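One structure is given here, and the rest of the page talks about it.
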Amino acid sequence: ADYDSIGACVGVARLAMYHKIQVNIVVNENDAAVVTAKQMLKHIPEYESVFTDGVCGQEMLQPKTLVVITDVSNPDLFESPEIFANAPRVVIIDHHRQAREFDRPLLISYIEPTASSASELISEILEYALPPSTVCKEEAELLFAGILLDTQDFTLHTGVRTFEAAAALRRYGAETERVRRLFDVTMVEYNAKADLVEKAQMYKNCAISIGGEVAPEARVAIAQAANDLLRIQGVDASFVAVQVGNGVNVSARSMGAVNVQVIMESLGGGGHQTMAAAQLKHITPQAARSRIQDAIDQYYLSQKKTTPEARPAKGE
């Protein structure tokens with residue numbers, strides 16, 4: 001879970017609280033963004049027992065339970081696929097392109113790939129559904145952090161709606177300085193990021209970094225390393241892969257010249273054109289490198305096939 005998914009969940013929780021509906025947020029409570037969110041919200045009585053894990057969430061399911069899933073539409077990547085499978089009613093709110101059809105009907109499927117983030121979509125809903133004084137400052141800051149994260153400081157896939165959502169969050173009290181501090185890293189995270197950047201190798205205008213296990217508290221460094229590699233001249237896309245258990249997590253980034261979403265979808269993941277990820281099961285990091293390179297090869301090959309040939313000049 002990152003700030004976009006957590007911010008969006010907190011926004012949905014506020015909507016439920018306003019209507020006096022019991023609500024819980026199912027998370028991995030060891031995730032760094034979750035720990036920070038809980039710390040920010042701890043003084044708000046309504047959040048005293050809102051966060052829970054997948055096991056408890058499964059036990060809470062009732063015939064009228066509504067499950068709202070944010071920032072992901074691939075069942076393989078849900079925090080608790082079991083809850084999705086057993087929930088009587090499901091709503092999905094996401095900004096990633098849907099990679100495949102669901103094998104069950106949804107109550108609402110609000111998937112908007114033109115949006116910058118799930119936090120942008122939720123911020124729009126809150127602006128129209130709730131009185132302005134209802135959203136507290138900390139909730140607004142988590143939503144703002146989600147937008148900031150997925151736009152890379154408002155530099156990628158932003159639109160008019162993105163800035164309107166950010167303006168609404170500022171009116172709710174979000175302070176940009178406090179939000180910016182949420183992205184400060186520890187020395188452990190910084191060292192992990194630096195190590196991954198150092199290991200990067202070039203492959204067809206792509207920087208690929210393969211690493212071993214990263215401490216759970218430093219896994220944010222995977223995405224940070226992918227972002228930093230884009231700043232190197234000649235890098236059109238970056239792929240950072242690290243071992244997690246008996247599999248490998250891959251984080252991919254680009255500035256738009258390469259559609260990393262398509263590449264990650266070929267590996268079973270998904271995301272945006274400029275920001276995507278995948279989780280590879282039962283594979284070593286070195287084998288993951290080969291699969292990433294093969295996916296890059298297939299992507300460039302497909303691009304050549306879809307690029308129309310240049311028309312001959314007159315007289316040729």
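The values are calculated or read from the model by the stated rules, or taken from the named source; none is laboratory data. This structure is a prediction, so every number in the text was calculated from the model and none was measured. Here the Cβ is made from the backbone with ideal geometry for all residues, glycine too, and neighbour counts use every protein chain on show. What goes into the accessible areas is simple: the full protein's heavy atoms, side chains included, and nothing from ligands, DNA or RNA. Shrake-Rupley method; radii C 1.70, N 1.55, O 1.52, S 1.80 Å.
Odds and ends about this structure:
- Across the accessible surface of the chain, with the other protein chains kept in place and a 1.4 Å probe, carbon and sulfur atoms take up 52 percent.
- Under the simplified labelling scheme, the residue 190-residue 39 pair shows an inter-label distance of 1.6 nm, with each label point 7 Å from Cα along Cα→Cβ.
- In order through region 151-159: 3J(HN,Hα) via Karplus (6.51 cos²θ - 1.76 cosθ + 1.60), integer Hz, x for Gly, Pro: 9, 6, 6, 6, 9, 10, 5, 9, x
- J(HN,Hα) series, region 88-93, from Karplus relation 6.51 cos²θ - 1.76 cosθ + 1.60, nearest Hz, glycine and proline x: x, 9, 9, 10, 10, 10
- Working note: Cα atoms of the chain, range along each principal axis, descending, whole Å: 72, 49, 42.
- Accessible surface ranking for 188, 27, 1.4 angstrom probe, highest first: 188, 27.
- Lysine-lysine proximity count for the chain, Cα under 29 Å, sequence distance 8 or more or distinct chains: 17
- Theoretical FRET efficiency, 1/(1+(r/R0)^6), r = Cβ-Cβ of residue 164 and residue 106, R0 30 Å, to 0.05: 0.65
- Calculated mean residue ellipticity, 222 nm, the chain: -13000 deg cm²/dmol, from DSSP H runs (n ≥ 4) at -39500 (n - 2.57) each, averaged per residue and rounded to 500.
- Antiparallel beta bridges, as assigned by DSSP with both residues in the chain, represent about 55 percent of the total such bridges.
- When 272, 282 are compared by accessible surface with a 1.4 Å probe, the order from highest to lowest is 282, 272.
- Accessible area in square angstrom per residue, the chain, 1.4 angstrom probe: 51 Å²
- Structure remark: mean-square fluctuation, Gaussian network model of the chain, C-alpha springs under 10 Å; the largest value among 251, 266, 290 belongs to 290.
- At least 15 Å along the helix axis (C-alpha) and Kyte average at least -0.5, DSSP helices within the chain: 3-18, 118-129, 137-150, 160-171, 187-198
- Here the convex hull built on the C-alpha positions of region 43-88 has a volume of 98 cubic angstrom per residue.
- Spacing of the two label points (7 Å from each Cα toward its C-beta) at residue 287 and residue 58, in nm: 2.7 nm
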